[in-house]
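Comments concern the structure below.
The values are calculated or read from the model by the stated rules, or taken from the named source; none is laboratory data. Just so it is clear, the structure is predicted and the values come from calculations on it, not from any experiment. Methodologically, a virtual Cβ is constructed for each residue, glycine included, from the backbone with ideal geometry; neighbour enumeration extends over all protein chains shown. Just the protein is used for accessible areas: all its heavy atoms, side chains included, with ligands, DNA and RNA removed. Shrake-Rupley method; radii C 1.70, N 1.55, O 1.52, S 1.80 Å.
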Amino acid sequence: MRLRPAIPSDLFLLRYWDTKPHIIASSGKDEQEDWETELARQPDGREWLIAEVSNHPIGIVQIIDPARDEDHYWGEIEPRLRAIDIWIGEEKYLGRGYGTQMMHFALDKCFANKTVKAVLIGPLVSNINAHRFYKRLGFYFIERRIFGNDDCLVFRLERATWNNKKALIN
Ligand SMILES: CC(C)(COP(=O)(O)OP(=O)(O)OC[C@H]1O[C@@H](n2cnc3c(N)ncnc32)[C@H](O)[C@@H]1OP(=O)(O)O)[C@@H](O)C(=O)NCCC(=O)NCCS
C-alpha cells in the first residue's frame, strides 16, 4: 500500500465513492465535499491522500491542522494538533486491514512533525465500527460533540501512546 496526494483526475472516483451506502452512512447530514474545488487547490493546513493497493485506489485520508484549517470545522482549538478523516471507497476492501495500514501511514506522517502532540478524530455517534477501529489504534474518548448537523464522538491519540504502540509492533 502507498499513500499519494489526491489529484484533479481523482474527481470521478471520489464522487462515485460518495454515492456508496457505507460512505453515506458514515458521512452525516452535512454537505458533501465539493471535490472539483477541493482537488484544484492545496489550502494551508489541509491535505488529501489517496491510498493505493497495487496501484489501485481504494480509499482516502484527510489530514488537517485544526487550528489553521480555513473551514474552522473544529472551532477554537489548541495548536499543535492534527485531525484525520478516513474512508475506504470500495466495499470489497473493507475489513481486510487496509484501514489500519492507512491510519499507520497517516499517523506516522502527523507525528513526523515533532511539534504535533496529538491527533483527533470525530466519527458519528452511530458509527460504532469506527469507534472500535480507532480505540484499537490507541485513541481514547474525549467528548460527545455536535459538528454542524452531526452528532459525533471526539477521540484523541497522544504522541506517547502512538510511540509506545509502534515500539510494540517493531
Ligand atoms: C473505518 C474504516 C476506515 C476501517 O477500515 P477497514 O479497512 O475496514 O479496517 P480494518 O480492516 O483495518 O479493521 C477493521 C476490522 O477488520 C479486522 N481486520 C484487520 N485486519 C484484517 C485482515 N487482514 N483480514 C481480515 N480482517 C481484518 C479488524 O480486526 C477489524 O475487526 P472489527 O470488526 O472487530 O473491528 C472503514 O471501515 C471505512 O472506510 N468505513 C466507512 C467510512 C468510515 O466509517 N470512516 C470513518 C469515519 S470517522
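Treat every Asp and Glu Cβ in the chain as -1 and every Lys and Arg Cβ as +1, leave all other atoms uncharged, and give the resulting dipole magnitude about the Cα centre to the nearest 20 debye.
1080
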Worksheet item: Residues with beta-carbon under 10 Å from that of I88, excluding I88: net charge, scoring Lys, Arg +1 and Asp, Glu -1?
Response: +1
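Using a 1.4 Å probe on the protein heavy atoms, what percent of the accessible area of the chain belongs to carbon and sulfur?
Working: 4790 of 9280 Å².
C and S atoms contribute 52 percent here.
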Response to the item:
Ignoring ligands and nucleic acids, D85 exposes an accessible area, probe 1.4 Å, in Å² to the nearest 10, of 70
Worksheet item: For the chain, what does the equivalent ellipsoid look like in terms of its semi-axes, each the square root of 5 times an eigenvalue of the Cα gyration tensor, given largest first in whole Å?
Response: 22, 19, 17
Discussion item. Using Cα-Cα distances under 8 Å and only pairs 6 or more residues apart, what relative contact order does region 1-160 have, in percent?
Written reply: 20
Worksheet entry | Accessible area expressed per residue, region 1-156, with surrounding protein chains retained (probe 1.4 Å, Å²) | 53
Item to complete: Select from P123, M103, L153 the residue farthest towards the positive end of the dipole of the chain; place +1 on Cβ of Lys and Arg, -1 on Cβ of Asp and Glu, and compute about the Cα centre.
Response: M103
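Order Y16, Y98, most accessible first, counting only protein heavy atoms with a 1.4 angstrom probe. Can you show the working numbers first?
Details: Y16 115, Y98 40 Å².
Reading off the accessible areas and sorting them downward yields Y16, Y98.
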